[in-house]
């Protein structure tokens, strides 16, 4: 389970991360990450978006629980004060646990590596 101090609960935090953060998509998840320098003393916050197109309520809650469990292992990689939003794609409802884990890790790796200076 994700520690309660790391759970994102406010709508404005979700909106800020999705609109202003960097994004990396995989077949089962899309990850939005916003690094905030103004909140460097706060713990990183993580939020989840699992829409109805993922499945019925039982499937959505199951996907959310699995994602919370997977993100917990990556909390130490996030910088202090950052906002992370994990949005489940419809394929997440039928994905195996190892597929979900691989997609989440791949998306986080893309977002956490230093930005290349070659692209403009």
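Quick one: helix 11-20 against the long Cα principal axis of the chain, what's the angle to the nearest 10°, folded into 0 to 90?
The angle comes out at about 70 degrees.
Give me the extension gain from residue 4 to residue 57: residue separation times 0.36 nm, minus the current Cα-Cα distance, reported in nm with one decimal.
My answer for the length gained is 16.9 nm.
Given the -39500 (n - 2.57) contribution per DSSP H run of 4+ residues, what per-residue ellipticity at 222 nm results for the chain, rounded to the nearest 500 deg cm²/dmol?
The per-residue figure over the chain is -11500 deg cm²/dmol.
For helix 97-112, report the angle its Cα long axis makes with the longest principal axis of the Cα atoms of the chain; keep it between 0 and 90° and round to the nearest 10°.
20
Expressed as an acute angle from 0 to 90° and rounded to the nearest 10, what is the orientation of the C-alpha long axis of helix 57-72 relative to the principal long axis of the chain?
Roughly 40 degrees between the two axes.
Using a 10 Å cut-off on Cβ atoms, rank the peptides 50-61, 83-94, 3-14 from the highest mean neighbour count down. Write out the running numbers ahead of the final one.
Details: 50-61: 13.8, 83-94: 20.4, 3-14: 12.1.
Sorting 50-61, 83-94, 3-14 by mean packing, highest first, produces 83-94, 50-61, 3-14.
Taking the highest mean first, how do the peptides 43-49, 97-103, 75-81 order by number of other beta carbon atoms within 10 angstrom per residue?
Peptide ranking by packing, descending: 43-49, 97-103, 75-81.
Taking the alpha carbon gyration tensor of segment 4-110, what are the square roots of 5 times its eigenvalues, largest first, to the nearest whole Å?
22, 14, 12
Coordinate-derived values only; no laboratory data. Here the structure is a predicted model, which means the values were calculated and not measured. Glycine gets a Cβ as well: all are built from the backbone with ideal geometry, and neighbour counts include every protein chain shown.
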